[in-house]
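Worksheet: one structure, shown below.
What follows is calculated from the coordinates using simple rules that are stated; it is not laboratory data. Given the structure is predicted, the values throughout are model-derived calculations rather than measurements. Because the Cβ atoms are built from the backbone with ideal geometry, glycine has one as well, and the counts that use them run over all protein chains shown.
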Amino acid sequence: MSAFLRNGAVLSKLFFVAILFSAGRIDAQTPLGPIRVEVDETRAPQRILHTHLQMPVKPGPLVLYYPEWIPGEHMADGPIINMAGLKFTGGGKAIAWRRDLVDMFAFHLDIPQGAGTLDASFDFLSAIGAGGFSSASSETAHLGIYSWNQVLLYPQGARTDDVMFRASLQLPAGWKFATALKAASENGGQIDFAPVSLTTLVDSPVIAGEYFKVVPLDPSTPLGTSDTSSRRVEADLVGDTAASIEIPADLTQKWKRLVQEADAMFGARHYDRYHFLLTLSDRVAHFGLEHHQSNDSRVNENSLTQQNSIGVVAHEYVHSWNGKFRRPAGLATPDFQQPMDGELLWVYEGLTQYLGYVLAERSGIWSESYYKERLAETAAYLDTEPGREWRPLADTATAAQVLYFSPGQWTAYRRSTDFYDEGWLIWLDVDTAIRELTRGAKSIEDFCHLFHGGESGPPMVKPYTLDDVVAALNQVAPHDWKAFLGSRIYQVTPRAPLDGITRSGWRLAYTDAKNEFIKTGDGDRVEAMSSLGLRVRARDGMVNDVILNSPAGKAGIGPGMQILAVNGLRFSAEVLRNAIRDSKTASGPLTIEFQNDDLVKTVPLDYHGGMREPHLERVADKPDLLGQILAARARR
Ligand SMILES: [Zn+2]
């Protein structure tokens, strides 16, 4: 998954993790045949989905689960709160249900004698709003993104690999669709899919809409195998307008290169076919969610003309190898109810962040300068983050299941899901160390070929442990990798791991010049964490985050306060930026007037450092390893 939490998006909803493992679990009923799930999406534009399930049952007690731990979301965020109208019938009669007293995702039923089939139906109340990843806003008047975990129940005790589902979907009239599932038949908006396991079904969302386009990216390139199946790759676009899915020809070329660059990086494909499912809408939540044979990425309506925001698809594509094919053992759970152990998310997400961004640059979707500016901003933020004085990176991974929904205030002190961005720095560190240890003979790609490559084939999961990662690194370049990773990830590190940047021939430097990546977010915020120690919402001066031991923090400014004026001028983003820039030559302090509830206060900030925007600067006497890392690999 890729989320955009650090830079201002505030997910403030309180989040409670349901208590699991109710006392007195009863014996599971093994399903006797495929479960049918028929979903009616014809009212999706009204934000309601109707589902009807039919499953073979035996008389006696039965427990049904609503999926709770959603793969790729790394937490217990199954949207059970949006289930309504739940009803069961069997043998022609209504069957009463009772929710488990402590497991909110479990329903107890008693199947009467003579009932061989259970019918269940409910509505899914589709959310409006940005919080909650795949459960957040997923439908508009023109399109829908359908996640099967939202609209089904399955029997307790069944491994999701073992229980088979036969799914069907009724779409609004005239809408077209895409998914990694194989359609068995299609008739007037009614689609019947071939039976698949529950694992595959939940791993295969459907996008559909009025404005729809298929972009073939790679018709047939079997890799690393004699297998003649096509392993076809395509992008499927839905948007809120006809213009939103008009893809510029050069972006199609870059996207095709992304597929080629990933082939060069991994040397095998672990899917039968792959669909980039891309939704272009300002009305749905924005994030990316990985699947084995597809990804569900949701971006702004105009993103095809703002190509930096398409970088998310490179991250999600890498997950087909790193996250889906190779998965930390703690995240490879047998069903959707068992809690996940996220400790190795610094590999699952951190390495994906590193490889995904490298691929975004090698394919041309990101420019080289954008990559470097974004890396500089990331390194600068992490290096000034006060939370690293108390919380090791590994703990941000272990606590991911609560950190994804942590409030936006005091993020730098609390730390957020830093295993993504700090993973970028750490795997750059690993890549440059491999290059140095092997005198340029090997790189992270040798690790990727070893760890994620092998024979091409259909989806499968190969779980791993930390020892497996260390062993593979040692096979590429013998070194004390356990100590290398341990000191960076499992210990408290007051400074960010910047060795990868310096080893690659660059250093982090601060100047008054605008950072290209920060500039892209300028509409939303004034980023002054490296100078005054605060981040402010651009439109109204609301303080989003503060570093306690910074000029702003020391002056008593905190998150939730509102800046009213700077140096006596009414607040605007420009006024604040100008004041910070001019602080270098100002004789007196910078003054800020702010409102804290009903109190208004003016404070002097003794600051004369200017904007301090982060950039990468070349170290003259060192080889440019970063340039080598960013060079395209695939033959053109
Ligand atoms: Zn991810």
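Would you mind computing Rg(Cα) / (2.2 N^0.38 Å) for the chain, counting N as its residues? Please report the intermediate quantities before stating the final value.
Values: Rg = 25.6 Å, N = 636, 2.2 N^0.38 = 25.6 Å.
Computed over Cα atoms of the chain, the ratio equals 1.00.
What would the Debye formula give as log10 I(q)/I(0) at q = 0.26 Å⁻¹ for the alpha-carbon point model of the range 34-95, no solvent?
-1.29
With only Lys, Arg, Asp and Glu charged, each at its Cβ (+1 for the first two, -1 for the last two), find how big the charge dipole of the chain is about the Cα centre; round to the nearest 20 debye. Mind showing how you got there, number by number?
On the way: 62 positive and 76 negative charges, 61 e Å.
Around 300 debye, computed over the chain.
If we count other beta carbons within 10 Å of each Cβ, what is the order of Phe419, Phe193, fewest first?
Details: Phe419 31, Phe193 22.
Going from least to most buried by this count: Phe193, Phe419.
Given Gly558, Ile547, Pro589, which one lies farthest toward the positive end of the charge dipole of the range 472-611, if we put +1 on the Cβ of every Lys and Arg and -1 on the Cβ of every Asp and Glu?
Final value for the positive-end residue is Ile547.
Return the subset of Lys442/Lys462; Lys256/Lys519; Lys372/Lys514; Lys213/Lys256 for which the Cα-Cα distance in this structure is over 18 Å, preserving the input order. Write out the running numbers ahead of the final one.
On the way: Lys442/Lys462 24 Å; Lys256/Lys519 28 Å; Lys372/Lys514 13 Å; Lys213/Lys256 16 Å.
Exceeds cut-off: Lys442/Lys462; Lys256/Lys519.
Report, in order of residue number, the helices in the chain meeting two criteria: a C-alpha extent of 15 Å or more along the helix axis, and a mean Kyte-Doolittle hydropathy of at least -0.5; treat each whole DSSP H run as one helix.
350-362, 421-437, 466-476
Using just the helices of the chain, give the 222 nm mean residue ellipticity in deg cm²/dmol: DSSP H runs with n ≥ 4 each add -39,500 (n - 2.57), and the total is spread over all residues, rounded to 500.
Values: 18 runs with 146 residues, N = 636.
That calculation yields -6000 deg cm²/dmol at 222 nm.
Which of Ser369, Ser406, Ser185, Ser135 comes first, and how do the rest follow, when ranked by fewest Cβ neighbours within 10 Å? Display every interim value, and only then the final one.
Values: Ser369 13, Ser406 19, Ser185 10, Ser135 23.
Starting with the residue having the fewest Cβ neighbours, the order is Ser185, Ser369, Ser406, Ser135.
Could you state the number of Å between the C-alpha centres of the range 390-426 and the range 491-563?
Centre-to-centre (Cα) distance: 16 Å.
To make sure I understand, if each residue's beta carbon is the centre and we count other beta carbons within 10 Å, what order do Asp468, Asp624 fall in, fewest to most? Intermediate results must be reported in sequence, preceding the final value.
Values: Asp468 17, Asp624 13.
With the sparsest Cβ surroundings first, the list reads Asp624, Asp468.
Please grab the % of Cα pairs in the range 585-635 that end up more than 11 Å from each other.
81
Would you work out which of Leu437, Val402, Tyr510 lies farthest towards the positive end of the dipole of the range 400-548? Charges go on Cβ: Lys and Arg +1, Asp and Glu -1.
Farthest towards the positive pole: Tyr510.
To the nearest Å, what is the center-to-center distance of the range 590-636 and the range 267-339, using C-alpha atoms only?
So the two Cα centres are separated by 29 Å.
Between His615, Ala158, Gly239, whose Cα lies farthest towards the positive end of the dipole of the chain when Lys and Arg beta carbons carry +1 and Asp and Glu beta carbons carry -1, centred on the Cα centre?
Of the candidates, His615 comes out farthest on the positive side.
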